[in-house]
Amino acid sequence: MTAEHKTPYPALPLGIHSKLEKNVPANWTLAAFDPELPPVLSTPAMIGMMESVAATAAKPHLSPGMITVGTRIEVDHVKAVTTGAAVEVTARLIAQDGRFLTFEVEARSGTHVIGRGKVLRAIVEPRSFQTRADARGSS
């Protein structure tokens, strides 16, 4: 535990989960970055959805004023979907070690799994987190 954080981190219930449903917009596709590439969901956009849904799952269980930030991503992007495709992303908490959370994540479009893996996040207090980040940025 750091000097900035004097109270224990909350124990989140294993199995908490969240879901996000979106249709793939054109600006989330490979073609948005390079028009010579196909208009399919980019891996960074899929991962962004996975991180967002994991953060949403944790949020109601955090101490007031706390947030989570991403620390590691272990994801396979296994199928392509095009602009307009409906994508459902789920996250479920499978482990906690102090302030570190591990979520199992999956992205589906209809019956197809398009991505799956793990998203790891850390519980932080935003002000001290930002102060430390700002100090690193100015060195």
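The values are calculated or read from the model by the stated rules, or taken from the named source; none is laboratory data. All values derive from a computational prediction rather than experimental measurement. Here the Cβ positions follow ideal geometry from the backbone for every residue, glycine too, while neighbour counts run over all protein chains shown.
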message = Please verify whether Glu104 is in a helix (DSSP H, G or I) and either surrounded by 15 or more Cβ atoms within 10 Å (Cβ to Cβ) or aromatic (Phe, Trp, Tyr) (or both), treating the condition exactly as stated.
response = no
task = Restrict the check to the range 36-58 and report whether at least one residue is closer than 21 Å to Arg127 by Cα and of a type in the set (Val, Ile, Thr).
result = yes
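Could you list all residues from the range 95-114 that are under 15 Å from Ala11 (Cα atoms) and in contact with a Lys or Arg (Cβ under 8 Å, 6 or more places away or on another chain)? Spell out the reasoning first.
Going residue by residue through the range 95-114, those that are under 15 Å from Ala11 (Cα atoms) are 95-103.
Phe100, Leu101, Thr102, Phe103 - these are the residues of the range 95-114 that are under 15 Å from Ala11 (Cα atoms) and in contact with a Lys or Arg (Cβ under 8 Å, 6 or more places away or on another chain).
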request  = List the number of the failed condition for Val119; all other conditions in (1) surrounded by 19 or more Cβ atoms within 10 Å (Cβ to Cβ); (2) more than 17 Å from Ser18 (Cα to Cα) hold.
outcome  = (2)
Filter result for the condition that a residue is among the acidic types (Asp, Glu) and closer than 14 Å to Met50 by Cβ, over Asp76, Asp97 = Asp76
request  = Could you please find all residues in the range 45-88 being polar (S, T, N, Q) and over 25 Å from Leu14 (Cα atoms)?
outcome  = Thr82, Thr83
ask   = For the range 67-95, what are the residues that are buried (at least 18 other Cβ atoms within 10 Å of the Cβ) and either over 16 Å from the mean Cα position of the chain (by Cα) or polar (S, T, N, Q) (or both)?
value = Thr68, Val81, Thr90
query = Which of (1) at pLDDT 95 or above; (2) assigned to a helix (DSSP H, G or I) is the odd one out, the single condition Phe129 does not satisfy?
reply = (1)
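Each row is one residue, and each column tells you yes or no for (1) part of a strand (DSSP E or B); (2) under 17 Å from Glu104 (Cα atoms); (3) without any contact (Cβ under 8 Å) to a residue 24 or more places away in the chain.
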| site | (1), (2), (3) |
| --- | --- |
| Ile47 | no, yes, no |
| Thr56 | no, yes, no |
| Gly65 | no, no, no |
| Arg72 | yes, yes, no |
| Gly84 | no, no, no |
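Pick from Val105, Val113, Val124: which is touching a Gly at 6+ places or on another chain (Cβ under 9 Å) and among the hydrophobic types (A, V, I, L, M, F, W, C)? Walk me through how you get there before you give the answer.
Numbers: Val113 fails: touching a Gly at 6+ places or on another chain (Cβ under 9 Å); Val124 fails: touching a Gly at 6+ places or on another chain (Cβ under 9 Å).
So the residue among Val105, Val113, Val124 that is touching a Gly at 6+ places or on another chain (Cβ under 9 Å) and among the hydrophobic types (A, V, I, L, M, F, W, C) is Val105.
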request  = All but one of (1) surrounded by 16 or more Cβ atoms within 10 Å (Cβ to Cβ); (2) in contact with a Lys or Arg (Cβ under 8 Å, 6 or more places away or on another chain); (3) of a type outside the set (Ser, Thr, Tyr) hold for Gly15, so report the exception by its number.
outcome  = (1)
Candidate set from the range 22-42 (those that are without any contact (Cβ under 8 Å) to a residue 40 or more places away in the chain and among the polar types (S, T, N, Q)); member that is surrounded by the fewest Cβ atoms within 10 Å (Cβ to Cβ) = Asn27
